[in-house]
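The values are calculated or read from the model by the stated rules, or taken from the named source; none is laboratory data. Keep in mind it's a predicted model, so treat the numbers as computed, not measured. A quick note on method: Cβ atoms are made from the backbone with ideal geometry, for glycine too, and the neighbour counts reach across all protein chains shown. Surface accessibility is based on the protein's heavy atoms, side chains included, excluding ligands, DNA and RNA. Shrake-Rupley method; radii C 1.70, N 1.55, O 1.52, S 1.80 Å.
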Amino acid sequence: MDFLNAIIALANYVLIPGIAYGSQLALGALGVTLVYGILRFSNFAHGDTMAMGAMATVLMTWLFQSWGISLGPLPTALLALPFGILFAIGLLLFTDRAVYKFYRVKKAKPVILVIVSLGITFIYNGVTRFIIGADDQSFFDGERFIISAREFKKATGLAEGLSFKTTQGITIVTAIIVVIALFWFLNKTRAGKSMRAYSDNEDLALLSGINPERVVMITWIIVASLATIAGVLYGLDKSFKPFTYFQLLLPIFASAIVGGLGNPLGAIAGGFVIAFSEVTITYAWKKVLVYMMPESLEPSGLVQLLSTDYKFAVSFVILLIVLLFKPTGLFKGQSV
């Protein structure tokens, strides 16, 4: 029984949160790796693009809630999500036309575009705070749990109850659907093949008659969709706070680089590597070890390697190690 309790405690605090957080990072990292692979620069504004898309979704969710519109047990935010995606698409296409296109025509070096994207980050962040405020904003409604700890304890008689939040289930299912749809699009459609050809060899793609502006537009549409979905899922699972999305930039970039920058499959793998690294290193293992070890050997401390306040430091250390020893990442993306 103690072994089962230990497994359930591990699932509650490491496995399920790690999978949900990894799914969110993977979706975010996919956006970063697409921009790097196709547009050839590191988009530092991606975190605040997530915040802008999520903000639009939050505002629409509040509007639907005020009208009494809901999805029953599911969050109303899912109904508002398409509006957030449309807003983010319009925002990125406008930003590309007003800012990035000028530097693209001038064939500016990637480092220039990185600096430009950093400036856009500050603009996005300021606008988000001005519109919705800097504090935590809650927009979750519907059923809180798919499996509640109390009901699980009653059904099984175990001391430890399994808890599986609705937001975690939605995150995992949505991530699977989005990833399958994205890979199908990139591998099976004409537009997706054009994007891959443009990424592999820009000059040859242009000679083949591929319209570069169309490729750029489709890329921004996909990136805006991924960013908004990732931002909303993260906000539902935790809470919406504009500055948090700026902080997420580190684990998202770490995920993309660890997996192999420019490689979509690597972005997904990197997201889960970073997520589980953060969760396992900052988790206090005392509860699991108490179930697993004899009473005489039970730990007196929390058995926690790092406080949760330093979870982003884990991403930084992993990123540093990868850059030093394997700059192409796990799946041999482009060298950083």
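Taken over segment 112-121, the criterion of being in contact (Cβ under 8 Å) with a residue 12 or more places away in the chain and either over 18 Å from TRP220 (Cα atoms) or open to solvent by 40 Å² or more (accessible area, probe 1.4 Å) (or both) is satisfied by LEU118 alone.
Residues that are open to solvent by 30 Å² or more (accessible area, probe 1.4 Å) and closer than 20 Å to ALA26 by Cα do occur in segment 60-81. The helices (runs of 4 or more DSSP H) falling completely within segment 59-132 that include 3 or more residues that are within 23 Å of the chain's Cα centre (by Cα) and either aliphatic (A, V, I, L, M) or within 30 Å of SER239 (Cβ to Cβ) (or both) map to 77-95, 110-132. In summary, LEU162 fulfils each of the numbered conditions (1) open to solvent by less than 60 Å² (accessible area, probe 1.4 Å); (2) farther than 30 Å from ALA9 by Cα; (3) among the aliphatic types (A, V, I, L, M); (4) more than 24 Å from the chain's Cα centre (by Cα) with the single exception of condition (2). Selection over segment 272-288 of residues that are among the β-branched types (Val, Ile, Thr) and surrounded by 24 or more Cβ atoms within 10 Å (Cβ to Cβ) gives a count of 1. If you go through segment 219-258 and keep only what is crowded, with 24+ Cβ neighbours inside 10 Å and of a type in the set (Phe, Trp, Tyr), you end up with TRP220, TYR234, PHE240, TYR245, PHE253. In this structure, VAL216 does not satisfy being buried (at least 24 other Cβ atoms within 10 Å of the Cβ) and either farther than 23 Å from THR174 by Cα or within 12 Å of the chain's Cα centre (by Cα) (or both). Just to be sure, is ALA269 open to solvent by 10 Å² or more (accessible area, probe 1.4 Å), free of Cβ contacts under 8 Å to residues at least 24 places away in the same chain and among the small types (Gly, Ala, Ser)? So ALA269 fails the test. Within segment 133-155, which residues are of a type outside the set (Asp, Glu), open to solvent by less than 90 Å² (accessible area, probe 1.4 Å) and either within 23 Å of LEU39 (Cβ to Cβ) or assigned to a loop (DSSP other than H, G, I, E, B) (or both)? Of everything in segment 133-155, those that are of a type outside the set (Asp, Glu), open to solvent by less than 90 Å² (accessible area, probe 1.4 Å) and either within 23 Å of LEU39 (Cβ to Cβ) or assigned to a loop (DSSP other than H, G, I, E, B) (or both) turn out to be GLY133, ALA134, PHE139, PHE140, GLY142, SER148.
If I filter segment 171-205 down to residues being among the small types (Gly, Ala, Ser) and more than 25 Å from the chain's Cα centre (by Cα), which single residue comes out as modelled with the highest pLDDT? Taking the candidates together, the pick is SER194.
Helices (runs of 4 or more DSSP H) fully within segment 206-297 that include at least 3 residues being polar (S, T, N, Q) and at pLDDT 95 or above: 212-237. Considering only segment 99-109, state which residues are closer than 21 Å to PHE253 by Cβ and open to solvent by 70 Å² or more (accessible area, probe 1.4 Å). The answer is LYS109, and nothing else.
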